[in-house]
Amino acid sequence: MLTGVRVLLLGGDARQLEVIRKLTELDASVTISGFDGLHSSLDGAVQAEFEEQLFEAVDALLLPAVGTDDQGIIHAVFSDREMQVTEGHFSKLPKHCTVYTGMAKSYLRQLCEKHSLSLVELFDRDDVAIYNSIPTAEGALMMAIQNTDITIHGSSSMVLGFGRTGFTMARTLKGLGSKVKVGVRRSEHFARAAEMGFEPFYISGLLQHVSNIDLLFNTIPTMIVTAQIIANLPSRAVIIDLASKPGGTDFRFAEKRGIKAMLAPGLPGIVAPKTAGRIMADCLSQLILDDTIKRGNGI
């Protein structure tokens, strides 16, 4: 239980609704701002105006998937009012307060560093990333089906990267009967991909493997699907880039060549916000509980 723990949650989207429900069920004292346009009630949470006094006596500050933009603006889909966190807000936070977000840009990092506040980025965690890879793969499949005139079964697909998202993406495609090539950089990934029945190859030889594929899924957040690679793709190919913005694809050249190429970061929050919210809620509640226990033990 989180009885007595004071949480301030600012903005976000449908995922944050699941976080609020979970924390209130665990008896945390939850104050929220940026939900004035929400038509349904959030029992157990206190809605408040966005002001500096909210930041006083807070044990945990919860921000959206992308904490703030480069000017400190918080994304809040349930409010038309602008929320911008500043030095003044963070100066009010107690030193023991932990700031939680999905991923942090430099503005938020600098605020936390300046005020000696712990910052936790959920999307850096293996458990969250692995759980999120499931709705990511499902969303990517949905996009593939919508943008092709063939079935996944019997298609030739390629997944670039064999990390947490790439692993789930490749396994899902294979489960639907696609012939899957996997581009890797590490020898252990090559061995694991081969053991699982994929056709592995090293990224350095990408150009030699793209001439006859239907679907290309990229998970590598660096420019890897270059103009040279795209020029060697068949015209029927569809590229779905799952890497964080700006992705790893030359979208300009793909458009010039007439090849469909789509950047699709953040799919969990788009295609399955309830599931994605529960993933965040479960992780956050455990982290806040662990932090509370450490403080109570003087660690």
Tensor-based shape of the range 127-265 (alpha-carbon gyration tensor, a/c under 1.5 rounded, otherwise prolate or oblate):
rounded
Run the simple label-point estimate for Ala14 and Thr148 please: 7 Å along Cα→C-beta, distance reported in nm.
2.6
Which of the aspartates and glutamates could be linked to Lys256 by a straight reach, that is with a Cα gap under 19 Å, when you skip same-chain ones fewer than 8 residues away?
Asp214, Asp241
Once phi for every residue in the range 244-257 is put through the Karplus expression 6.51 cos²θ - 1.76 cosθ + 1.60 (θ = phi - 60°), the whole-Hz ³J(HN,Hα) values, with Gly and Pro written as x, are 5, 3, x, x, x, 10, 7, 5, 4, 5, 4, 5, 4, 7
What list of ³J(HN,Hα) couplings, whole Hz, do you get for the range 279-285 from phi and the Karplus terms 6.51, -1.76, 1.60, once you set θ to phi - 60° and write x for glycine and proline?
4, 5, 4, 5, 5, 4, 4
Count the DSSP beta bridges whose two residues both fall in the range 1-117, then state the antiparallel fraction as a percent rounded to the nearest 5.
5
Where in the range 220-258 does the label zone of Leu207 land, with the point 7 angstrom along Cα→C-beta and an amide N cut-off under 12 Å?
226-232
Fraction of antiparallel bridges per DSSP, the chain only, in percent to nearest 5:
0
Placing unit charges on C-beta atoms (Lys and Arg positive, Asp and Glu negative, everything else neutral), compute the dipole magnitude of the range 179-235 about its Cα centre in debye, rounded to 20.
80
Would you mind telling me the share, in percent, of accessible area of the chain contributed by carbon and sulfur at probe 1.4 angstrom?
50
Sites Asp127 and Lys274, calculated FRET efficiency, Cβ-Cβ separation with R0 25 Å, nearest 0.05
0.85
Any lysines whose Cα falls less than 23 Å from that of Lys95, other than same-chain ones fewer than 8 residues away, would be Lys105, Lys114, Lys294
Taking a ≥ b ≥ c as the square roots of the Cα gyration tensor eigenvalues, with a/c under 1.5 meaning rounded and otherwise prolate when a/b beats b/c, else oblate, which class fits the range 60-139?
oblate
Find out how many positive minus negative residues lie around Arg81, taking Lys and Arg as positive, Asp and Glu as negative, among other residues whose Cβ is under 10 Å from that of Arg81.
-4
So if R0 is 22 Å, what FRET efficiency would Arg6 and His39 give, r being the distance between their Cβ atoms, rounded to the nearest 0.05?
0.25
Built amide H within the under 5 Å cut-off of Val238, gap 5+
Leu215, Leu216
Applying 1/(1 + (r/R0)^6) with R0 = 25 Å to the Cβ-Cβ distance of Arg81 and Glu25, what FRET efficiency is obtained, to the nearest 0.05?
0.35
Looking at the range 30-178, send over the antiparallel percent of its DSSP beta bridges, to the nearest 5.
10
Inter-centroid distance (Cα atoms) of the range 16-33 relative to the range 183-197, Å
42
Apply the Karplus parameterisation 6.51 cos²θ - 1.76 cosθ + 1.60, with θ equal to phi minus 60°, to every residue of the range 259-273 and state each ³J(HN,Hα) to the nearest whole Hz, in sequence, with x for glycine and proline.
9, 5, 9, 10, 8, 9, x, x, 4, x, x, 8, 8, 8, x
What shape does the chain have by the C-alpha gyration tensor, where a ≥ b ≥ c are the square roots of the eigenvalues, rounded means a/c under 1.5, and otherwise prolate means a/b greater than b/c and oblate the rest?
prolate
For Tyr202, enumerate residues with amide H under 5 Å from its amide H, sequence gap 5+ or separate chain, H modeled in the peptide plane.
Val184
For helix 126-146, what angle does its Cα long axis make with the longest principal axis of the chain, in degrees from 0 to 90 and rounded to 10?
50
Spin-label model distance (nm) - Lys114 vs Ala191, 7 Å beyond Cα toward Cβ:
4.9
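The values are calculated or read from the model by the stated rules, or taken from the named source; none is laboratory data. A quick note: this is a predicted structure, and the numbers were derived from the prediction, not measured. Heads up, the Cβs are rebuilt from the backbone with ideal geometry, glycines too, and the neighbour counts pull from every protein chain shown. Areas reflect the complete protein model, heavy atoms only, side chains present, ligands, DNA and RNA absent. Shrake-Rupley method; radii C 1.70, N 1.55, O 1.52, S 1.80 Å.
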